[in-house]
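Visitor: Can you read through this structure? Questions will come right after.
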Amino acid sequence: MIPRITVHPKYKIGEISSRLYSAFLEPIGNMVNGFMYNPKHPLSDEQGFRKDVIELLKSTNLPSCRLPGGNFVSAWQWKDSIGPKENRKVHLDPAWYQYIPNDVGHDEYLQWAEKIGTSPVYTVNLGTGTLQDAMDCVEYSNHPGGTYWSDLRRKNGHENPYGIKTWCLGNEMDGHWQLGSWEKDPVGYGNLCHEASKAMKWIDPVIETVACASSASFMDHYPEWESKVMDQCYDTVDYLALHHYHIAKPGDILSLLGGSLYYEDFINTETAMLDYIQAKHRSPKKVNISFDEYGAFEREFKPLNPGYGPYNMARVHYHFDPERKYILHDPDKMPVKEFPGGDMIKLLSMTSIQLALLRHADRVKISCMTAGLGALCSADHDHVWKSASHYAFLQLLEYAKGTSMRVSVDSPVFDMSGYAIDDTSQYTGKNDVPYIDSACAWNEEKERLTVFVINRNLKEEYPLEIDVRAFDGYAKMTHYQMFSEDFDKKSSFENPWKEPEINKNIEIKNGVAVTKLKPLSWNVITFEK
């Protein structure tokens, strides 16, 4: 069969948020110390930030960045990270077994966001932190002046408020790995969210807040845990935070790229739960979703900690390793990280999730890719460069605007067998998964329709028909494609990835476009009047 995609202007999903494609930053390893911050780097600015990283990220117009974590924030004391650096306190970070010298503190995170031109999505410590700490953080960051905390910000060198709009109420607060976890008391966490959101909005009434859902759809208490949370705080919070990392065995590309279906299952379940709570509360307000951590990657399936609770994530997190040592990261000793796989597998695993998010743009209003900064700006100690993921991410930022549209896909299919990573991360199989993965955005203002397409097939090149007959006059067609004859090819500073090429072997007749899709390819097809 010839694969066919049909789009019709009557079938709209919802408005695409400007923050749908954002990134996530957490001080793990050298992500802050080395990538973001290195005062010894020849291109560092007066604050020690790498200007090469800043300039490349600034050129992308990244809408938002969630920071400063992550598991890290559940023990971070932001008040010890402000003011003169020589007076700041050094703490241990029990989440990642590292020393936190606070050379990059609260102000530095926010000022770096200003420099790259992005809006911060700030996570407060609701693990070991207090309600008062969260209130003081909003006052320090957003109040104009005339109070102790706002005047202290001005004294510390930032006269104007930062104007942080979105505040996450802790991180993965159901996780047994989290300091101050509310795993066994969702009602208690829901009450805390209610009180924190209320108090923080009394300080700044224009902010919005994000409560935590189950850290993954594999948790034993999912989705009951978050339903109990939202039953307490539905009237005061604005978003529910979802996290998911999809894993497949090395070489199992179809299971990796088919992982977007599990994201959709997760979103559908949480949306239904939110709508139930809305009805229960007789509320006119609709709480939306912030998918503020996500990713997909390959790894061998083995226990997290062999010899202690094999294949049991819960028990291994209660194993206290006497051999484990805390690490002090040197920003000037940024190791070369070689992640498995070439640029194309990273691009396709990233975009397969991002298309799923686009198909749910009516409810997913914020999403922050965990490796998003690295996708937009590849870096080592000395250089930055553009990978294949850079260009695909940039295309989504440019073309995924306006309204998300339903797509009808007729395509050859495959089956995915179920598999288990460990005893808590198990994927049921999926049957009749289309080789052609697609989503669509209609920018009515610019009179541009964009169809995003992934060919998941490892070997087959497909002809493709796109039926846009209902879009009268949209006859100017451009097909951008990315693929590689060498699927394991990696980019580097010496060999950056080339820009997407234009497929000229296309035609459109009577509103039906005909083109071809390379195996394992990323395709952006635009129609304009």
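The values are calculated or read from the model by the stated rules, or taken from the named source; none is laboratory data. These figures come from a predicted structure and were not determined experimentally. Cβ coordinates were reconstructed from backbone atoms using ideal geometry, including for glycine residues, and neighbour counts include every protein chain displayed. These accessible areas exclude ligands, DNA and RNA; they are computed on the full protein's heavy atoms, side chains included. Shrake-Rupley method; radii C 1.70, N 1.55, O 1.52, S 1.80 Å.
Visitor: So if I restrict to the alpha-carbon atoms in region 422-497, what is the Rg, and what is Dmax, the biggest pairwise distance, in Å?
Guide: Final numbers for Rg and Dmax: 17.9, 54 Å.
Visitor: Please give every one of the aspartates and glutamates within straight-line cross-link reach of LYS89, meaning a C-alpha to C-alpha distance under 14 Å, and leave out same-chain neighbours fewer than 8 residues apart.
Guide: Straight-distance partners of LYS89: ASP80, ASP103.
Visitor: Could you give each residue of region 400-412 its phi-based ³J(HN,Hα) in whole Hz, using Karplus coefficients 6.51, -1.76, 1.60 with θ = phi - 60°, and x for Gly or Pro?
Guide: 7, 10, x, 10, 6, 10, 6, 10, 9, 10, 10, 7, x
Visitor: Work the Kirkwood hydrodynamic radius out for the chain: mean of 1/r over every pair of different alpha-carbon atoms, inverted, in Å.
Guide: 24.2 Å
Visitor: Can you give the accessible area of SER491 in Å² (nearest 10), computed on protein heavy atoms with a 1.4 Å probe?
Guide: 20 Å²
Visitor: Counting only DSSP beta bridges with both residues in region 73-229, tell me the antiparallel percent, nearest 5.
Guide: 30 percent
Visitor: Could you give each residue of region 505-518 its phi-based ³J(HN,Hα) in whole Hz, using Karplus coefficients 6.51, -1.76, 1.60 with θ = phi - 60°, and x for Gly or Pro?
Guide: 8, 10, 8, 9, 9, 6, x, 10, 8, 10, 8, 10, 10, 5
Visitor: Turning to a different aspect of this structure: Return the FRET efficiency for the residue pair ARG4, TYR148: r is the Cβ-Cβ distance, R0 is 60 Å, and the value is rounded to the nearest 0.05.
Guide: 0.40
Visitor: Could you provide, to the nearest whole Å², the per residue accessible area of region 407-465 with probe 1.4 Å?
Guide: So region 407-465 comes to 43 Å² accessible per residue, rounded to a whole number.
Visitor: Shifting gears a bit: Roughly how many percent of the accessible protein surface of region 1-116 is carbon and sulfur, given a 1.4 Å probe and a whole-percent answer?
Guide: Here it works out to 53 percent.
Visitor: Another one. For a paramagnetic label modelled at 7 Å from the Cα of GLU460 toward its Cβ, which residues of region 255-288 fall within the zone defined by backbone nitrogen distances under 12 Å?
Guide: none
Visitor: Further question on the same structure: Could you work out the percent of alpha carbon pairs in region 175-278 separated by over 18 Å, rounded to a whole number?
Guide: 53 percent
Visitor: Set the bar at 25 Å for Cα to Cα. Now go through LYS249/LYS498; LYS249/LYS459; LYS386/LYS529; LYS155/LYS365 and name every pair that lies beyond it.
Guide: LYS249/LYS498; LYS386/LYS529; LYS155/LYS365
Visitor: I'd like the GluC sites (Glu not before Pro) in region 1-103 restricted to DSSP loop residues with at most 15 other Cβ atoms within 10 Å, sorted by number.
Guide: GLU46
Visitor: Still on this structure, please answer the following. Can you divide the C-alpha Rg of region 25-65 by 2.2 N^0.38 Å and report the result to two decimal places?
Guide: Taking N as the residue count of region 25-65, the ratio is 1.16.
Visitor: Please report the accessible area of LEU520 (heavy atoms, 1.4 Å probe, ligands and nucleic acids excluded) in Å², nearest 10.
Guide: Answer for LEU520: close to 10 Å² accessible.
Visitor: Only helices at least 20 Å long along their own axis, judged from Cα atoms, and with Kyte-Doolittle mean hydropathy of -1.0 or greater: name those in the chain from DSSP H.
Guide: Membrane-span-like by this criterion, though nothing is claimed about a membrane: 186-203, 260-280, 343-358.
Visitor: Follow-up question, since we're still on this one. For region 1-120, what are Rg and Dmax over the alpha carbons, in angstrom?
Guide: 18.9, 69
Visitor: Further, regarding this structure: Return the subset of LYS430/LYS516; LYS333/LYS401; LYS165/LYS489; LYS165/LYS476 for which the Cα-Cα distance in this structure is over 32 Å, preserving the input order.
Guide: Table pairs above 32 Å Cα-Cα are LYS333/LYS401; LYS165/LYS489; LYS165/LYS476.
Visitor: In whole Å, what three semi-axes, largest first, describe the equivalent ellipsoid of region 381-517 built from its Cα gyration tensor (square root of 5 times each eigenvalue)?
Guide: Semi-axes (√(5λ), whole Å): 28, 24, 16.
Visitor: Work out the charge dipole of region 147-301 with +1 on the Cβ of Lys and Arg and -1 on the Cβ of Asp and Glu about the Cα centre, then indicate which of THR147, GLY259, TYR222 is farthest towards its positive end.
Guide: Value: THR147.
Visitor: About the Cα centre, and with charges only on the beta carbon of Lys, Arg (+1) and Asp, Glu (-1), how big is the dipole of the chain? Nearest 20 debye, please.
Guide: Using Cβ point charges on Lys, Arg, Asp and Glu, the chain gives about 880 debye.
Visitor: For TYR11 and GLU55, calculate 0.36 nm times their separation in residues minus their Cα-Cα distance, and state this gained length in nm to one decimal.
Guide: Between TYR11 and GLU55, full extension yields 11.9 nm more.
Visitor: Sticking with this one: Could you tell me which of THR450, GLY117, ILE16 has its Cα farthest along the dipole of the chain towards the positive end, charges placed at Cβ (Lys, Arg +1; Asp, Glu -1), taken about the Cα centre?
Guide: About the Cα centre, the residue reaching furthest to the positive side is THR450.
Visitor: Same structure, new question: Leaving out ligands and nucleic acids, and using a 1.4 Å probe, what accessible area per residue does region 81-233 come to in Å²?
Guide: 39 Å²
Visitor: Along its three principal axes, how long is region 66-147 when you only count alpha carbons? Whole Å, largest extent first please.
Guide: Extents along the principal axes: 36, 30, 26 Å.
Visitor: Sticking with this structure for a sec: For region 321-398, just list the percent of Cα-Cα distances falling in each 5 Å bin from zero outward, please.
Guide: 3, 12, 19, 20, 14, 11, 10, 7, 3, 1
Visitor: Okay, next question. Convex hull volume of the Cα atoms in region 55-199, per residue, in Å³?
Guide: Per-residue hull volume (Cα only) is 118 Å³.
Visitor: Mind listing the lone cysteines of the chain, meaning no other Cys beta-carbon sits under 4.7 Å from theirs?
Guide: Isolated Cys, the chain: CYS65, CYS137, CYS168, CYS212, CYS368, CYS377, CYS440.
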